[in-house]
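So the structure is just underneath, and the comments pick up after that.
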Amino acid sequence: MKKTPLAKKSKKHSSSWWRKKRVEEAKKIALERDNYCCVRCGKSKEAGYAIHGSHVYPEGTYHNMSADPLNIKALCYQCHFNWWHKHPTEAGAWFRKTFPERYAYLKMKSLESIKINWQTYSPIEASIEAIEIINASK
């Protein structure tokens with residue numbers, strides 16, 4: 001008697017799994033936006049430097065902003081770990097001064113308390129909405 005293969009069940013992923021996927025997508029969008037160059041010192045991936053997608057507002061605390069490309073900036077390894085994480089007050093002040101419209105948008109967004117369906121969330125759509133909000137406030 002021949003055994004028939006069992007049909008594979010489609011795996012249902014958790015909200016956490018989907019959020020991580022959306023963060024990966026958002027980091028890619030942010031790195032492309034910043035041309036894979038560190039927004040602080042200008043080092044580039046093309047020149048052989050490791051460029052990281054670094055969150056402005058920490059993703060662990062601000063889940064609703066973790067996959068927003070405007071909450072992610074490109075930093076080289078040195079700027080990311082030896083400056084952004086070691087000198088957060090200075091780094092935050094630099095970000096506010098360098099990207100004032102983006103900072104205002106992120107500050108407003110950080111005060112929101114919303115539940116996100118990560119499976120259907122689109123980082124690209126979030127970027128478009130954010131840019132419209134920033135432009136409307138000018």
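Here are some notes:
- Answer from HIS55, HIS85 - the residue that is within 22 Å of ARG19 (Cβ to Cβ), at pLDDT 95 or above and buried (at least 18 other Cβ atoms within 10 Å of the Cβ): HIS55
Here is a yes/no grid of residues against (1) part of a helix (DSSP H, G or I); (2) free of Cβ contacts under 8 Å to residues at least 40 places away in the same chain; (3) closer than 30 Å to LYS12 by Cβ:
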{"residue": "ARG40", "(1), (2), (3)": "no, no, no"}
{"residue": "TRP94", "(1), (2), (3)": "yes, no, no"}
{"residue": "LYS109", "(1), (2), (3)": "yes, no, yes"}
{"residue": "ILE114", "(1), (2), (3)": "no, no, yes"}
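- ALA91 vs. criteria crowded, with 20+ Cβ neighbours inside 10 Å, within 27 Å of ASN135 (Cα to Cα) and modelled with pLDDT of 95 or more: no
- From the options TYR121, TYR105, residue that is touching a helix residue (DSSP H, G or I) at 6+ places or on another chain (Cβ under 9 Å), outside any strand (DSSP E or B), hydroxyl-bearing (Ser, Thr, Tyr) and without any contact (Cβ under 8 Å) to a residue 60 or more places away in the chain: TYR105
- Answer from LYS86, LYS73 - the residue that is basic (Lys, Arg), in contact with a Gly (Cβ under 8 Å, 6 or more places away or on another chain) and closer than 25 Å to LYS45 by Cβ: LYS73
- Condition check for SER127: touching a residue at least 60 places away in the same chain (Cβ under 8 Å), surrounded by fewer than 18 Cβ atoms within 10 Å (Cβ to Cβ) and either under 15 Å from the mean Cα position of the chain (by Cα) or not in a helix (DSSP H, G or I) (or both): yes
- Looking only at the range 94-136, residues that are at pLDDT below 85 and farther than 16 Å from ASN64 by Cα come to 7 in all.
- For GLY60, the conditions (1) in a loop (DSSP other than H, G, I, E, B); (2) crowded, with 17+ Cβ neighbours inside 10 Å are fulfilled apart from (2).
The values are calculated or read from the model by the stated rules, or taken from the named source; none is laboratory data. Predicted, not measured: the structure shown is a model, and the values here were computed from it. Cβ coordinates were reconstructed from backbone atoms using ideal geometry, including for glycine residues, and neighbour counts include every protein chain displayed.
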